[in-house]
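Right, one structure below, let's go through it.
The values are calculated or read from the model by the stated rules, or taken from the named source; none is laboratory data. These numbers were taken from a predicted model, which means no experiment stands behind them. Reconstructed Cβ throughout: ideal geometry from the backbone, glycine too, with neighbour counts over all protein chains shown. These accessible areas exclude ligands, DNA and RNA; they are computed on the full protein's heavy atoms, side chains included. Shrake-Rupley method; radii C 1.70, N 1.55, O 1.52, S 1.80 Å.
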Amino acid sequence: MSLIDDLNALRTEAEAAVSAAADAAACESLRARYVGRKGRIRDLTARLGELSGAEKGTAGKLANDVKNAVESLCDARVSALGGTKPAVAPAGPRFDVTLPGTRFPVGRRHPVYETLAEIVQTFARMGFAAVTGPEIETSYHNFEALNIPADHPSRDGFDTFYLGGSTWLLRSHTSPVQVRTMKSLPPPVRVVVPGKVFRPDTADASHSPMFHQVEGLMVDEGVSFADLKGVLTVFARQFFGPETRTRFRPSFFPFTEPSAEVDVSCIFCGGKGCSVCGQGGWIEILGSGMVHPRVFEKVGYDAERYTGFAFGMGVERIAMLRHRIPDIRLLTENNVRFLGQF
Ligand code: PHE
């Protein structure tokens, strides 16, 4: 049989088969079998080379016609059967809708700053305004104005982190802001002072060369030790819970007289004694006292007319107690998995 006959026979067979195809998938496989790149039409067009001249032209054109006719019959049949032509792969990257979405981690406050903010808020409700002061201080504000002369033994533990000479240093407590506040404002004053402080302590589970304090200062006519006790007792109850009891123990600070350490009943055992409070039932949270008249003299307040109290507490210590964090160094390691727990 000639190539022309074979092409015509292919056409007849293909048209019959496609017309009888049951579904779109069957149509597509017939398309591939007859006119696909590896289909039967390929074997026939390969034989074009055997022909010559006019015959070759006629057969070539017929091969094209057969291919187009079968293709369009396939298209028509596929759409009649409700199918579509195989989709061309979409350009660009494919999108897998079953993949989990992108997570945008939400930040949160560091436990130390969260505690610090809550302490400040608790005093704010009692009328204390928050003020701040410089971390780089003069030795005058850090020591002398607070009645800590150069040769005073209580200065030993803090006398460090000088910046060059003997004038500038990293403050060892927030108490110099008492001095700065009173020098810039006339009484009455009622402020709390959150901030960083620095001490030459070697880091261990409970010491860090940098930590945070909240200082408090209240000065007016007629402020007494009863006010100190009242304000700090209200603070303890609001901050640690209404059942909290307070205990004031005599102490010493050069800038307050009298002075007291303040303990709260253990927030874990309620005072019965546990491992957190060392079985004692009490936890020390701050130092306090009535502002020393010599401090009033240094800042130009009339010590005959005004009295006041001051206190200072360590924020890390309170945050560690609340969250039962066993080692202060965990707070500055920036381990997000640790910090994300609180
Ligand atoms: N500044 C003291 C300290 O760092 C705490 C304190 C503040 C004590 C105010 C009394 C009054 O230990």
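Points to keep in mind about this one:
- For peptides 252-265, 178-191, sequence by mean Cβ density within 10 Å, most packed first: 252-265, 178-191
- For the chain, Cys27, Cys74 have no disulfide-compatible partner, since no other Cys C-beta lies under 4.7 Å from theirs.
- Of all lysines in the structure, the ones whose alpha carbon falls short of 21 Å from that of Lys298, not counting any fewer than 8 places away in one chain, are Lys183.
- The mean sequence separation of alpha-carbon pairs under 8 Å and at least six residues apart, normalised by the residue count of the stretch 3-80, gives a relative contact order of 44 percent.
- Only DSSP H runs of four or more residues enter the estimate; each adds -39500 (n - 2.57), and after division by the residues of the chain the mean residue ellipticity at 222 nm equals -11500 deg cm²/dmol.
- Expressed as a whole percent, the accessible surface of the chain that belongs to carbon and sulfur atoms is 54, based on a 1.4 Å probe.
- Remark: the chain carries 54 Å² of accessible area per residue (probe radius 1.4 Å; ligands, DNA and RNA excluded).
- Nearest-0.05 FRET efficiency for Arg108 and Asp156, computed from C-beta distance (R0 41 Å): 0.55
- For Lys38, the lysines whose Cα comes closer than 26 Å to its Cα, not counting residues fewer than 8 places off in the same chain, are Lys56, Lys61, Lys67, Lys85.
- For peptides 95-106, 133-144, sequence by mean Cβ density within 10 Å, most packed first: 133-144, 95-106
- Charge dipole (Cα centre; +1 on Lys/Arg Cβ, -1 on Asp/Glu Cβ; no other charges) of the stretch 3-80 amounts to roughly 260 debye.
- Rg/Rh for the chain stands at 1.62; both radii use Cα atoms, and Rh follows the Kirkwood definition.
- Ordering of 294-307, 155-168 by packing [mean C-beta count within 10 Å, highest first]: 294-307, 155-168
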